[in-house]
Amino acid sequence: MEYHTITADTYEKALQEAQKRYGDAVRVHSRREYSTGGGLFTKRRKRCEITFYLSATPARKVAEEGKDAVSKQDLAEFEKEAQTPDPEALSAAERLDTLLPGKELEAQQRVSSQLEAAASMLDDNNITLSLRDAVLKDFSADGGDVALALCDRIISEVKIDHENQAHPKKYQVFLGPTGSGKTTTLAKVAALYQRVGRSVAVITLDSYRVGAYEQVKAFADAFSMPCILVKDEDEVLTAQDKLASYDLVMVDTMGVSPADVPLNLKLRGLLSLFPERDTSFLLVSPAVMKCEDMLIQLKHYNSFRKITSLIVTKLDESSSIGAFLSFAHESGAPIAFCTAGQEVPDDIEKASTLTIMEHLRNLGHSFSGQIGQLS
């Protein structure tokens, strides 16, 4: 039996074209629906490929000669066609089973090659855990560029905190381990909002680290922002009253070790006085930290107050943002800001698709020319 294939925009158009060419003898063996294009810069286009054969007993002849003209072989073929599964309900691997032997092998080799290339790119970027699984699940570039398709998958799996970027709550509390860049990042975010006309003030809860207050006070003075040092719970309420007229209040905190029970209790008590409806709790994590260690920090700080947003720092010291993206996906929290460098207020960006792309090794840099052409 000889098989033929025709591709069109829809199943109906493909079938019409087949019948136009071969008449009523067309019997559909299988169909394959897929999309082409659809990267960051091209629109996806749906396509349908049908594979069919020509029946020895055309439908017109059946109508003329009656139902007895239908042979047992025809009935078996009709039954086989009726049992063809709906392609929309199948995975890419399962859809391969509907292809003819030669095309099936070719498609399997293509998908396998794309999957191997994608997995290697994820390894290069230290993308692990649930993010890796989600990106590779049923992965196919649909005949397009593997890097572009992979970038699309990664970006679609990561949340960006557009809400807090555009409409920040009054209190922005910065949490994270010592050395993560909390204070410098706080100064950058404060300056970022001041630039767009928000009135900004600073509260620091860190009265323990030597020079901590002096550091944040120097940043605040540089941008003409009031800065209040808070040492106990009563002073938190007093500071809130003094700064009631400000649009935003940035709150610096001390890094705490899980083993330091008194300091943990102190921080917990201070944070409890910030009203939940008016407060965002941002966890600051350096890109150079391992994903597993970031998750440990998240669990620790979640015990104080629920983390609402993430900030990645020190991207200039890491070859890829991949470990942080893995952490972000595992945590389910959205990314608010990205920093790379020590310059205040310049070395900070609101998290975005382009920011993520730029810091993916062998994925982001390949887009720089295309991005420039779009702007």
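Kindly establish whether ALA141 is over 19 Å from VAL312 (Cβ atoms) and either in contact (Cβ under 8 Å) with a residue 12 or more places away in the chain or not in a helix (DSSP H, G or I) (or both).
So ALA141 passes the test.
Going residue by residue through the range 331-338, is there one that turns out to be of a type in the set (Gly, Ala, Ser), modelled with pLDDT of 95 or more and assigned to a helix (DSSP H, G or I)?
Yes, that holds for at least one residue.
Would you pick out the residues in the range 240-256 that are of a type in the set (Gly, Ala, Ser) and in contact (Cβ under 8 Å) with a residue 60 or more places away in the chain? So that I can check it myself, show each step before the final result.
Taking the range 240-256 and keeping what is of a type in the set (Gly, Ala, Ser), we get 244-245, 255.
Listed by number, the list holds a single entry, GLY255.
Could you list, ordered by first residue, the pairs with Cβ atoms under 6 Å in which the first is in the range 313-324 and assigned by TED's automatic domain parsing to the domain that holds ASN362 and under 18 Å from ALA336 (Cα atoms) and the second is among the small types (Gly, Ala, Ser) and at pLDDT below 95, at least 6 apart or interchain?
What qualifies is THR313/GLY181; LEU315/ALA340; ASP316/ALA340; ASP316/GLY341.
Of the residues that sit in the range 342-362 and are in contact (Cβ under 8 Å) with a residue 40 or more places away in the chain and not in a loop (DSSP other than H, G, I, E, B), which one is farthest from CYS151 (Cα to Cα)?
ILE348
Given the conditions (1) modelled with pLDDT of 80 or more; (2) aliphatic (A, V, I, L, M); (3) touching a Cys at 6+ places or on another chain (Cβ under 9 Å), and given that LEU40 satisfies all but one, which numbered condition is not satisfied?
Failing condition for LEU40: (1).
Applying the selection to the range 352-375, what residues are buried (at least 23 other Cβ atoms within 10 Å of the Cβ) and either at positive phi or at pLDDT 85 or above (or both)?
Selection gives ILE356, HIS359, LEU360.
Identify, from the list SER207, SER245, SER180, SER224, the residue that is in a loop (DSSP other than H, G, I, E, B) and either crowded, with 19+ Cβ neighbours inside 10 Å or acidic (Asp, Glu) (or both).
SER180
Of all residues in the range 299-321, which are closer than 22 Å to ALA187 by Cα and assigned to a helix (DSSP H, G or I)?
TYR301, LEU315, ASP316, GLU317
Please work out which one of (1) within 23 Å of the chain's Cα centre (by Cα); (2) assigned by TED's automatic domain parsing to the domain that holds LEU270 is the condition THR204 fails and give its number.
(1) is the only condition that THR204 fails.
Would the range 92-113 turn up any residue that is modelled with pLDDT of 90 or more, crowded, with 18+ Cβ neighbours inside 10 Å and out of contact with any Phe, Trp or Tyr (no Cβ under 9 Å at 6 or more places or on another chain)?
No, every residue in the range 92-113 fails to be modelled with pLDDT of 90 or more, crowded, with 18+ Cβ neighbours inside 10 Å and out of contact with any Phe, Trp or Tyr (no Cβ under 9 Å at 6 or more places or on another chain).
THR308: of a type in the set (Ser, Thr, Tyr) and crowded, with 22+ Cβ neighbours inside 10 Å, yes or no?
Working: of a type in the set (Ser, Thr, Tyr): yes; crowded, with 22+ Cβ neighbours inside 10 Å: no.
Criteria not met by THR308.
Six or more apart or on different chains, Cβ atoms under 8 Å: show the pairs whose first residue is in the range 108-125 and farther than 20 Å from ARG361 by Cα and whose second is polar (S, T, N, Q) and not in a helix (DSSP H, G or I).
Short answer, once both residue conditions are applied: VAL111/SER140.
Output the residue which, of all residues in the range 311-339 that are within 21 Å of ILE154 (Cα to Cα) and of a type in the set (D, E, K, R), is surrounded by the fewest Cβ atoms within 10 Å (Cβ to Cβ).
Among those that are within 21 Å of ILE154 (Cα to Cα) and of a type in the set (D, E, K, R), it is ASP316.
The values are calculated or read from the model by the stated rules, or taken from the named source; none is laboratory data. No experiment lies behind these values; they were computed from the predicted model shown. Using ideal geometry, Cβ is built from the backbone for each residue, glycine included, and neighbour counts are taken over all protein chains shown.
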